[in-house]
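Reading through the structure tokens given below for one structure.
Please treat every number below as a calculation from the coordinates, not as lab data. Everything numeric here is computed off the predicted structure, so don't read it as measured data. Positions of Cβ are generated from backbone atoms using ideal geometry, with glycine treated the same way; all protein chains shown enter the neighbour counts.
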């Protein structure tokens, strides 16, 4: 599925990260509007599109999102655990 997303956005934005990011910000605004109007179906759609755009942008930086999230959030959880012990 990820290949389909990446191929779609590559064709749409032709590698232009700036345009992809601007589109991402628009999608985030659409999520906010959907939440404000309690339209969960529209929020789901726009969240999916925003996540796909983030995957596309991450791919342009050769970022392994899953691995980086694991590393970052393991450290964050460790920090929270240490705070809880105090």
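Which one is right for this structure if mean projected area of the Cα convex hull in nm² is calculated from it: [x] 5.7; [y] 5.2; [z] 7.6? Computed from the coordinates, mean projected area of the Cα convex hull in nm² corresponds to [z]. Relative to one another, the C-alpha centroids of segment 56-77 and segment 1-53 are positioned 19 Å apart. Annotation: extensible slack from residue 25 through residue 70 equals 13.7 nm (criterion: 0.36 nm per residue apart, minus Cα-Cα distance). In percent, rounded to a whole number, the relative contact order of the chain is 29, using alpha-carbon pairs under 8 Å and six or more apart. Taking Cα atoms only, the orientation of helix 17-36 departs from the longest principal axis of the chain by about 70 degrees. Averaged over residues, the count of other Cβ atoms within 10 Å places the peptides 42-55, 70-83 in the sequence 42-55, 70-83, highest first. The angle between the Cα long axis of helix 40-60 and the main principal axis of the chain comes to about 90°, on a 0 to 90 degree scale.
Computed from label points 7 Å out along Cα-Cβ, the spacing between residue 11 and residue 77 is 3.9 nm. The long axis of helix 2-13 is offset from the longest Cα principal axis of the chain by roughly 50 degrees.
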